[in-house]
Amino acid sequence: MKNTFALLAVLTTIPLVYPCGVHQYDDEKQFPEDNIVYNPANPEHRGWSQYLTPSLAKTRKLVLTFDDGPHPTNTPKLLDILKKYNVKATFFTVGEVLKKYPKIGKRIVEEGHILAGHDWRHTNSNSESAKQFAEGLTMSVKQVKKHYPNREMYYRFPYGAYGRHQKYHHFNVMKEVSQKLFSENCINFAFWDMDTSDWVSNMLPKDIFQTLKAHFDGGKAYRFKKTTVNGRTKYVKEPFTIKNPIAGGVVLMHDIHAKTVKGTEMFLEWAQTNNIEIVPINQVKEFEYRNKNCELSSLTPTF
Ligand SMILES: [Zn+2]
């Protein structure tokens, strides 16, 4: 989820408010709605704030999510740490990479974590045709399902990018892919409430820890800042102060970085004595599958 929208930097500093007129989904909020045909020209169909996780705000509960892996050394190290603290996380894996490291995918599932999709090649889907997006999504889902047959299928758009293509809307394609694979609307997209900017090159483990902590207790945090050095775009960390912490929600991190593994360990140690609860994503209201029956269709071709 590198190089995310600049918008995300400010999301962490604004209270959870919804612009007037934004459609509110009380049920199955982070699933595409069955009865809506999404239109990329409709601003209500391409926002971000309506897909945050208000049920966790101010609860001191969080969902840990890790994107872009699995990584051959850092993901196993992270799994050791999650085991030590008895914490369950969600891994949004890149399909092609998961295929390369099946043993790590297997371990993620065996240790009680949720395996999820993050496209086949981490492509910004706003630059893809509907057909290309459908292919990447389908391959990603199938790769995840090889290891994770449970009914939940969570998917995160690389860069959080969706709904900006002129000719189609991603949610309509997601519904079509889901219909084909599962015979009902079963793919749940997942955004995030707290961005640690852990991917920024000069972020240190202690900066990641500090940023996570500040999302609960306020104070100094770091976010990414875009700069240009010798004509090239560079992202660096920028300190800022969180005055009104969200204090609960979905956390975005990346298990491909060693510093993220260390920063997570520091945070989990602190969390033990600071009234923090880490919850699995499938137990959060906005992501629950409830009575959905989402088994892969028997008509699905073999992988
Ligand atoms: Zn990513």
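Below, the figures for the structure above:
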item: Lone unmet requirement of (1) crowded, with 19+ Cβ neighbours inside 10 Å; (2) of a type in the set (Phe, Trp, Tyr); (3) closer than 28 Å to GLU277 by Cβ; (4) within 16 Å of the ligand (Cβ to nearest atom) for TYR148; result: (4)
item: Strands (runs of 3 or more DSSP E) (entirely within segment 185-296) containing at least 1 residues that are surrounded by 20 or more Cβ atoms within 10 Å (Cβ to Cβ) and either at pLDDT below 95 or within 16 Å of the ligand (Cβ to nearest atom) (or both); result: 219-229, 249-254
item: Residues located in segment 44-99, provided they are among the acidic types (Asp, Glu), more than 15 Å from the ligand (Cβ to nearest atom) and either under 15 Å from ILE256 (Cβ atoms) or not assigned by TED's automatic domain parsing to the domain that holds GLU286 (or both); result: GLU44
item: Residue that is buried (at least 22 other Cβ atoms within 10 Å of the Cβ), away from the ligand (no atom under 16 Å from the Cβ) and over 26 Å from VAL251 (Cβ atoms), where the choices are HIS165, HIS169; result: HIS169
item: Candidate set from segment 122-145 (those that are over 16 Å from VAL97 (Cβ atoms) and among the polar types (S, T, N, Q)); member that is farthest from the ligand (Cβ to nearest atom); result: SER129
item: Residue count for segment 151-162, restricted to those that are surrounded by fewer than 22 Cβ atoms within 10 Å (Cβ to Cβ) and away from the ligand (no atom under 16 Å from the Cβ); result: 2
item: Search result, residues across segment 161-184 that are assigned to a loop (DSSP other than H, G, I, E, B) and touching a Gly at 6+ places or on another chain (Cβ under 7 Å); result: HIS169
item: Single condition ALA41 does not satisfy, out of (1) within 16 Å of the ligand (Cβ to nearest atom); (2) small (Gly, Ala, Ser); (3) over 28 Å from GLU269 (Cβ atoms); result: (1)
item: Flag for GLN179 being under 20 Å from ILE36 (Cα atoms), out of contact with any strand residue (DSSP E or B) (no Cβ under 8 Å at 6 or more places or on another chain) and not basic (Lys, Arg); result: yes
item: Residue among ILE281, ILE208 that is among the β-branched types (Val, Ile, Thr) and not assigned by TED's automatic domain parsing to the domain that holds HIS122; result: ILE208
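The values are calculated or read from the model by the stated rules, or taken from the named source; none is laboratory data. Note that this is a predicted model, so its numbers are computed, not measured. For neighbour counting, all protein chains shown are included, and Cβ atoms are generated from backbone atoms with ideal geometry for every residue, glycine included.
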